[in-house]
Amino acid sequence: MKAKKIVITGGPSTGKSAIIDELTKRGYTCYEEISRQVTLEAREKGIEQMFLTEPLLFSELLLKGREQQYVDAVNSTSEFVFLDRGVPDVVAYMDYAKEDYPEKFTKSCIDNTYDYVFILAPWQEIYKSDAVRYESFEQAKIIHQNLLKSYEKYDYNLQDVPFGSIETRAQHILDVVKAL
């Protein structure tokens, strides 16, 4: 049986990681967002905000990590695999930054396809910036629009996740994927 690859995406501070944590607690196979890891590794090398100073290198590292997560999901024996962001997120952020990127980014979006994509809208009440998340709420709304465009460009039917508690949002996602 092939695992269903399910992306949970959205701009910064929309609740993606909290939902992934909740799904993990419920016993589902989940892959965490890798940008924090890339950012922290860059900081260990003295690069404070790699996406701002070296957006292409940062995005290439993200792309490589997300491609590996995709391969891991394809090879999973689980019924569902949930991913905190997908390959098209890399393109969306590059478009947001108005940065050029090589054709391999587009090719990766075409080659690494997901079964379902859930998108979380910006939510002012839960929005927080931190040492790794530097975007303002206004920037988060623009990133959200770029995510919509990116996933729609690759023909995804995006599923909205309504506002609510982490548990309610996780259950909504489960109810949708089990019904499809």
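List of remarks:
- Residue that is modelled with the highest pLDDT, among those in region 36-60 that are outside any helix (DSSP H, G or I) and more than 21 Å from residue 95 (Cβ to Cβ): 45
The rows are residues; the columns are (1) assigned to a helix (DSSP H, G or I); (2) of a type in the set (Ser, Thr, Tyr); (3) touching a strand residue (DSSP E or B) at 6+ places or on another chain (Cβ under 8 Å).
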| residue | (1), (2), (3) |
| --- | --- |
| 122 | no, no, yes |
| 128 | no, no, no |
| 135 | no, no, no |
| 138 | yes, no, no |
| 143 | yes, no, no |
| 149 | yes, no, no |
| 159 | no, no, yes |
| 163 | no, no, no |
| 170 | yes, no, no |
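- Test for residue 89: is it among the acidic types (Asp, Glu), crowded, with 21+ Cβ neighbours inside 10 Å and within 29 Å of residue 168 (Cα to Cα): yes
- Lone unmet requirement of (1) free of Cβ contacts under 8 Å to residues at least 40 places away in the same chain; (2) in contact with a His (Cβ under 9 Å, 6 or more places away or on another chain); (3) not small (Gly, Ala, Ser) for residue 118: (1)
- Checking each residue in region 133-175 for being farther than 20 Å from residue 18 by Cα, modelled with pLDDT under 95 and surrounded by 15 or more Cβ atoms within 10 Å (Cβ to Cβ) picks out only 139.
- Conditions (1) open to solvent by 70 Å² or more (accessible area, probe 1.4 Å); (2) in contact (Cβ under 8 Å) with a residue 40 or more places away in the chain; (3) basic (Lys, Arg); (4) closer than 23 Å to residue 28 by Cα; number of the one not met by residue 178: (2)
- Residue in region 11-27 that is open to solvent by 60 Å² or more (accessible area, probe 1.4 Å), of a type in the set (Val, Ile, Thr), assigned to a helix (DSSP H, G or I) and under 21 Å from residue 112 (Cβ atoms) present: no
The values are calculated or read from the model by the stated rules, or taken from the named source; none is laboratory data. Since the structure is predicted, the reported quantities are computational estimates derived from the model, not experimental observations. As a convention, Cβ positions derive from the backbone with ideal geometry for all residues, glycine included, and neighbour counts pool all protein chains shown. SASA here: full protein model, heavy atoms, side chains in, ligands and nucleic acids out. Shrake-Rupley method; radii C 1.70, N 1.55, O 1.52, S 1.80 Å.
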